[in-house]
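Novice: Would you mind keeping the following structure in view while I ask a few things?
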Amino acid sequence: MPQLKDTYPLYLNNKAAQPNTDLAVTDKYTGEVAFRTALATPDVIDEAIAGTVRAAAPMAKLASYEKQDVLMHCVARFKERFDELAYSLCVEAGKPINDAEGEVTRLIDTFRIAGEEAVRNYGEVMPLDISARAKGYQAMWKRVPIGPCSFISPFNFPLNLAAHKIAPAIAMGCPFVMKPASKTPLGAIIMGEVLAECDVLPEGAFSILPASRDGADLFTTDERLKLLSFTGSPGVGWDLKAKAGKKPVILELGGNAAVIVDHDADLDDALERIIFGAFYQSGQSCIGVQRIIIHADIYDRFKDMLVEKTKTLIAGDPKDRDTFIGPMISEGEATRLKGWIDDAVEGGADLLTGGGLSNGNMLEATLLENVHPDAAAINEEAFGPLAILQKFTDFDAALDEVNRSKFGLQAGIFTRDLFKMYDAWDELDVGGIVINDVPSYRVDNMPYGGVKDSGLGREGIRFAMEDMSEIRNLVVRRN
C-alpha cells in the first residue's frame with residue numbers, strides 16, 4: 001500500500017502553504033489520526049477570494065487549448081498517482097478499496113470529459129427580423145465565465161464530487177476557492193498539488209482550503225464570489241442558499257432514492273444491481289437505494305433473494321479487497337441510523353437482516369419491511385446501509401409512492417414494458433430515471449441533479465459549465 005505523509009498543506013492562490021497543522025484526519029476504520037492538514041483561517045480565505053478576483057480576467061482570456069492542456073495534464077497525473085489516490089480514499093473516507101479505485105477512475109473520466117468540453121464552448125447566431133421593425137438586425141450570443149466561484153464538497157465522494165466542480169470551472173475559465181469536507185480533505189489537496197504544476201494558470205486561479213465552519217461563512221456570503229456550488233446535506237444546503245445573497249446557487253443535496261421492481265423484471269440481474277445500489281460504500285450515497293418497491297407477484301421470492309444475498313456481504317477493513325461493507329464516516333452517523341432502525345422496529349417494522357452496530361461505526365447491512373409511513377427510516381435520508389422493502393400491485397400507485405418523498409434525485413425501474421418506462425419519465429418528480437438499473441447509476445457527462453429538497457441545478461460537465469457562465473448578446477444593425 002502507498003504511504004501517506006504525516007502532514008499536508010492547503011493551497012492558497014495556486015501555491016502550497018502550511019500555516020498550521022490544526023486539522024487532524026482519522027483513518028475511519030481504526031479511528032487513529034492518519035495525517036494532519038492546514039486549516040484555513042478567515043484571513044487566509046479572504047486572501048484567496050481576493051486572488052480569484054485578480055485572476056478572473058486572465059482566466060477568462062485563456063485559450064481553449066490552454067484550458068484543455070491543464071485538464072489533460074491532470075488526467076495524466078491522476079493516472080500516475082492512481083494507487084495513492086485510491087489509498088487516500090480508503091483511509092480518510094473508509095471506502096472499500098474496490099470502490100475507491102472506481103472513484104479514481106471516475107475522477108479521471110470527469111477531467112477528461114472537461115478537457116473535451118473546454119474546446120466546445122459554443123454560442124449561436126439568431127435572426128432578429130421577426131417583424132418589420134427589426135429588419136436588418138441580427139444577434140449573436142456567446143457564453144462568458146461568470147467569474148470567481150465558491151465550491152463546497154462533501155465527504156462521501158471526496159475526489160469525484162470535488163472534480164465535478166473544479167474541472168468545469170477550469171474548462172469555462174472561472175477561478176475558484178474550494179472548501180473540501182473536513183473529514184476527507186486529502187483528495188482535493190492532491191488535486192491542488194497537481195493543478196499547482198500548471199504554470200499557465202494565473203495566480204489566484206484556485207485555492208483549496210480546508211476550513212472550520214466559523215471560517216467557512218466567507219465561502220457563502222462574500223459578494224466578490226459570483227456563484228456558490230454546494231454538495232451536502234439538505235439542512236446545510238438550504239441554509240447556505242439563504243445566506244448567499246445575489247449570487248446563483250447550485251445545490252446537490254440528499255435523497256432517499258427508490259427503485260421499482262416490476263413483475264417482468266430479470267430478478268437475478270435486479271438482485272445484483274440493487275444490492276450494489278443499497279450497500280456499496282456502506283450506503284453513503286445520495287442516490288443509494290433506500291426504498292425497494294416490489295410487485296406483489298414476485299415480492300416473497302425477491303425478498304428471500306435480497307435477504308440471502310445481503311447476509312453474504314463481507315464487512316471489515318476497507319483496505320481488504322474482500323470487504324464490501326466498510327465503516328460509516330463517524331460513530332455519530334452510525335448511531336443516528338442505528339436509532340432510526342430501532343425506532344422503525346419499535347413502530348412495527350420487521351427486521352429481515354442486519355441492524356447490528358459494532359466498533360462504533362460498523363453498521364450491518366440492514367433490510368426492513370412493513371415500516372410505518374411516518375418513520376424517519378423511510379422519509380429521511382438514511383445515508384447508510386439501510387434499505388426498506390415495500391409491495392405494490394398497481395404501477396401508477398408505485399409511481400405515486402416514489403413521488404411521496406420530499407426528495408427527488410433519481411429513481412430506478414426494472415421493467416420490460418416500454419409504456420411504463422415513458423409513464424415513469426412523464427410522472428416521476430425526480431431529476432433522472434434509470435431503466436433496468438438502480439438510481440445509484442451515474443455517468444459523469446450526463447445531467448445530474450435533483451428537484452424538491454434534493455436541490456437546484458445540474459452537474460455533468462457541460463451542464464455545470466452553463467451554470468458557471470453567463471450569456472453575452474451582440475446585436476448588429478446592417479442597414
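The values are calculated or read from the model by the stated rules, or taken from the named source; none is laboratory data. Nothing here was measured: the structure is a model prediction, and the numbers come from that model. Heads up, the Cβs are rebuilt from the backbone with ideal geometry, glycines too, and the neighbour counts pull from every protein chain shown. Side chains included, ligands, DNA and RNA excluded: accessible areas come from the protein's heavy atoms. Shrake-Rupley method; radii C 1.70, N 1.55, O 1.52, S 1.80 Å.
Novice: Counting only the heavy atoms of the protein chains, how much of R120 is accessible to a 1.4 Å probe, in Å² to the nearest 10?
Specialist: Rounded to the nearest 10, that gives 100 Å².
Novice: Using a Förster radius of 30 Å, what is the FRET efficiency between D417 and T312 based on their Cβ-Cβ separation? Nearest 0.05, please. Intermediate values should be presented prior to the final figure.
Specialist: Numbers: r = 31 Å, r/R0 = 1.04.
In this case the efficiency is close to 0.45.
Novice: Sorted from largest down, what three extents in whole angstroms do the Cα atoms of the range 317-430 have along their principal axes?
Specialist: Over the range 317-430, Cα extents along the principal axes are 48, 36, 23 Å.
Novice: Still on this structure, please answer the following. Which value results when the Cα radius of gyration for the chain is divided by 2.2 N^0.38 Å? Spell out each step's value before the answer.
Specialist: On the way: Rg = 23.4 Å, N = 479, 2.2 N^0.38 = 23.0 Å.
Ratio of Rg to 2.2 N^0.38 Å for the chain: 1.02.
Novice: So how exposed is C149, as accessible area in Å² (1.4 Å probe, rounded to 10)?
Specialist: Around 0 Å² of this residue is reachable by solvent.
Novice: In addition: Packing-wise, with mean Cβ within 10 Å as the measure, how do 84-94, 442-452 rank, highest first?
Specialist: Numbers: 84-94: 24.6, 442-452: 17.9.
Per-residue Cβ counts within 10 Å, averaged per peptide and sorted highest first, yield 84-94, 442-452.
Novice: Per-residue accessible area for L39 at 1.4 Å probe radius, Å² rounded to 10?
Specialist: 40 Å²
Novice: Positive end of the dipole of the range 106-162, charges at C-beta (+1 Lys, Arg; -1 Asp, Glu), about the Cα centre: which of A118, M140, F155 has its Cα farthest in that direction?
Specialist: Toward the positive end, the furthest listed residue is M140.
Novice: Here's something else I'd like to know. Name the residues whose placed amide hydrogens come within less than 5 Å of the amide hydrogen of S469, ignoring near sequence neighbours (fewer than 5 apart) on the same chain.
Specialist: Under 5 Å from the amide H of S469: I146.
Novice: Would you list K67, K391, K135 from the most to the least accessible area, probe 1.4 Å?
Specialist: Values: K67 15, K391 125, K135 145 Å².
Accessible-area ranking of K67, K391, K135, largest first: K135, K391, K67.
Novice: Under 20 Å Cα-Cα from K15, which aspartates and glutamates qualify once same-chain neighbours fewer than 8 residues away are excluded?
Specialist: Result set, ordered by chain and number: D6, D43, D46, E47, E66, D69, E193, E197, D199, E203.
Novice: Okay, moving on. Pop out the ³J(HN,Hα) list for the range 467-479 in order, Karplus 6.51 cos²θ - 1.76 cosθ + 1.60 with θ = phi - 60°, rounded to Hz; leave Gly and Pro as x.
Specialist: 5, 8, 9, 10, 7, 10, 9, 10, 10, 10, 9, 9, 7
Novice: With all protein chains present, how much of the accessible area of the chain (probe radius 1.4 Å) comes from carbon and sulfur, to the nearest whole percent? Intermediate results must be reported in sequence, preceding the final value.
Specialist: Numbers: 9400 of 19460 Å².
Answer for the chain is 48 percent, counting heavy atoms of protein chains only.
Novice: Still on this structure: Could you order K165, K79, K179 so the one with the most accessible surface comes first? Probe is 1.4 Å. List each step's numbers first, then the result.
Specialist: On the way: K165 0, K79 125, K179 25 Å².
Output order, biggest surface exposure first: K79, K179, K165.
Novice: A further question follows. Might you tell me the accessible area per residue for the range 129-178, computed with a 1.4 Å probe and given in Å²?
Specialist: Per residue, the range 129-178 has an accessible area of 29 Å².
Novice: Calculate the spin-label point distance for D217 paired with D320, positioning each point 7 Å from the Cα along the beta-carbon direction, and give it in nanometres.
Specialist: 4.6 nm
Novice: How many angstrom lie between the Cα centre of the range 101-142 and the Cα centre of the range 264-299?
Specialist: Using only Cα atoms to place each centre, the spacing works out to 37 Å.
Novice: Also, quick follow-up: Run the dipole for the chain about the Cα centre, Lys and Arg Cβ at +1, Asp and Glu Cβ at -1, nothing else charged, and hand back the magnitude in debye, nearest 20.
Specialist: My answer is approximately 2340 debye.
Novice: Write down the accessible area per residue of the range 436-479 in Å², having rolled a 1.4 Å probe over the full set of protein chains. Kindly include the intermediate steps, with their values, before the conclusion.
Specialist: Details: 2280 Å² over 44 residues.
Averaged over the residues of the range 436-479, the accessible area is 52 Å².
Novice: Using heavy-atom solvent-accessible surface (probe 1.4 Å) with all chains present, what is the largest-first order of K309, K241, K420?
Specialist: On the way: K309 65, K241 90, K420 40 Å².
Solvent-accessible surface, decreasing: K241, K309, K420.
Novice: Counting only heavy atoms of the protein chains, get the accessible area per residue of the range 326-433 (1.4 Å probe) and round it to a whole Å² value. Don't skip to the end; give the middle numbers.
Specialist: On the way: 4650 Å² over 108 residues.
With the other protein chains kept in place, the range 326-433 gives 43 Å² per residue.
Novice: What value does the range 204-323 have for Rg/Rh, both radii from Cα atoms and Rh as Kirkwood defines it?
Specialist: On the way: Rg = 20.6 Å, Rh = 17.9 Å.
That ratio equals 1.15.
Novice: If you don't mind, there's one more thing I want to ask. Starting from the alpha-carbon convex hull of the range 5-44, give the projected area averaged over all orientations, in nm².
Specialist: Numbers: hull surface 12.8 nm².
In nm², the orientation-averaged hull projection of the range 5-44 is 3.2.
Novice: While we're here: Structure shown: which of K95/K420; K79/K179; K67/K179; K391/K452; K28/K243; K142/K406 lie over 29 Å apart, alpha-carbon to alpha-carbon? Intermediate results must be reported in sequence, preceding the final value.
Specialist: On the way: K95/K420 36 Å; K79/K179 24 Å; K67/K179 22 Å; K391/K452 25 Å; K28/K243 32 Å; K142/K406 37 Å.
Check vs 29 Å cut-off fails for K95/K420; K28/K243; K142/K406.
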